[in-house]
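Right, one structure below, let's go through it.
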Amino acid sequence: MGHKSVAIDGPSGAGKSTLARQAAKALGFLYVDTGAIYRTLALLALERGVDPADPAAVQALLPQADIRLAYNSSDGLQHMYLCGRDVTEDIRRPEVSRAASSVSAIQAVRDFLMETQRELARQHDVIMDGRDIGTVVLPQADVKIFLTASPEARARRRCDELAQRGTPQDLETVLAEIVERDRRDTTRAAAPLRQAEDAVLVDTTELDLAESLQALLDAVRGELNA
Ligand code: DC
């Protein structure tokens, strides 16, 4: 029998990774964070001095992009390896976030990373989160969720997170960045962010973390049993 797959797409800051990871644990599925794969390629570009927004230069890097995922046996977390080196922490740096946004807009990059993502879904029951999982990567997914929240709610959560990390920023700046990122993600030519027609909408604007997880699990279980 084939493996089950759950595709979770949505804008940045909607809580996808936290919620998808917890939902995967509850269901016994493998959690796949596809943004981390784009981030790892972005790190390679930065380390090689390649402009992440230059499609030809980034494409020329692809044959050297030895990108692997591995799951830590003790914490079960997804670790990213670039040419054999564990870069799980490095890919969270802000300059890598910016570079990932650029490299992910290049069609050749998306084509190159597609097979890695599909292979994981062939080998495991997965909850995969990203921007185009339900629309492009796994159009036959058993369950598709579009997880979102209002820009204001996402900005407030991001501000709380930054304050907790000791790097506070004001709400207006963070909100403006989110609105700009949404615009870029939804209007880019290559795999723009959009809700698949058969995706279930989960809006967490009015929900806290526990309520959001419950809403997500209810939606996933409802669809898996449908
Ligand atoms: O979810 P994230 O912030 O880690 O994603 C990093 C970048 O990669 C972000 O700019 C969106 C992009 N991305 C994408 O284009 N497609 C995916 N499936 C996942 C992420």
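The values are calculated or read from the model by the stated rules, or taken from the named source; none is laboratory data. In this text the structure is predicted, and so the values were computed from the model without any measurement. Positions of Cβ are generated from backbone atoms using ideal geometry, with glycine treated the same way; all protein chains shown enter the neighbour counts.
Here's the yes/no breakdown for (1) among the charged types (D, E, K, R); (2) not in a loop (DSSP other than H, G, I, E, B):
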position	(1), (2)
Thr135	no, yes
Ala141	no, no
Val174	no, yes
Arg181	yes, yes
Asp185	yes, yes
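Taken together, Glu197, Glu223 contain a single residue that is away from the ligand (no atom under 15 Å from the Cβ) and touching an Asp or Glu at 6+ places or on another chain (Cβ under 8 Å), which is Glu223. Of all the criteria given as (1) at pLDDT below 95; (2) under 21 Å from Arg98 (Cα atoms), the one not satisfied by Ala60 is (1).
Does region 95-104 contain at least one residue that is in contact with a strand residue (DSSP E or B) (Cβ under 9 Å, 6 or more places away or on another chain) and either in contact (Cβ under 8 Å) with a residue 40 or more places away in the chain or not aliphatic (A, V, I, L, M) (or both)? No, every residue in region 95-104 fails to be in contact with a strand residue (DSSP E or B) (Cβ under 9 Å, 6 or more places away or on another chain) and either in contact (Cβ under 8 Å) with a residue 40 or more places away in the chain or not aliphatic (A, V, I, L, M) (or both). Here is the figure for region 34-47: residues that are farther than 14 Å from Ser102 by Cβ and more than 13 Å from the ligand (Cβ to nearest atom) total 1.
A Cβ distance below 7 Å, combined with a sequence gap of six or more or placement on separate chains, defines the contacts here; from region 157-182, residues that are loosely packed, with under 15 Cβ neighbours inside 10 Å reach residues that are in a loop (DSSP other than H, G, I, E, B) and modelled with pLDDT under 95 in the pairs Leu162/Pro168; Leu162/Gln169. Of the helices (runs of 4 or more DSSP H) lying entirely inside region 1-120, the ones with 3 or more residues being more than 15 Å from the chain's Cα centre (by Cα) are found at 16-27, 34-47, 55-61. Exactly one residue out of Ala121, Ala108 is touching a Ser or Thr at 6+ places or on another chain (Cβ under 6 Å) and away from the ligand (no atom under 12 Å from the Cβ), and it is Ala121. Taking the criterion of being touching a residue at least 40 places away in the same chain (Cβ under 8 Å), polar (S, T, N, Q) and closer than 17 Å to Leu120 by Cβ, would at least one residue in region 21-29 satisfy it? Within region 21-29, none of the residues are touching a residue at least 40 places away in the same chain (Cβ under 8 Å), polar (S, T, N, Q) and closer than 17 Å to Leu120 by Cβ.
The single condition from (1) under 30 Å from Asp111 (Cα atoms); (2) free of Cβ contacts under 8 Å to residues at least 12 places away in the same chain; (3) part of a helix (DSSP H, G or I); (4) more than 16 Å from the ligand (Cβ to nearest atom) that Ala210 fails is (1).
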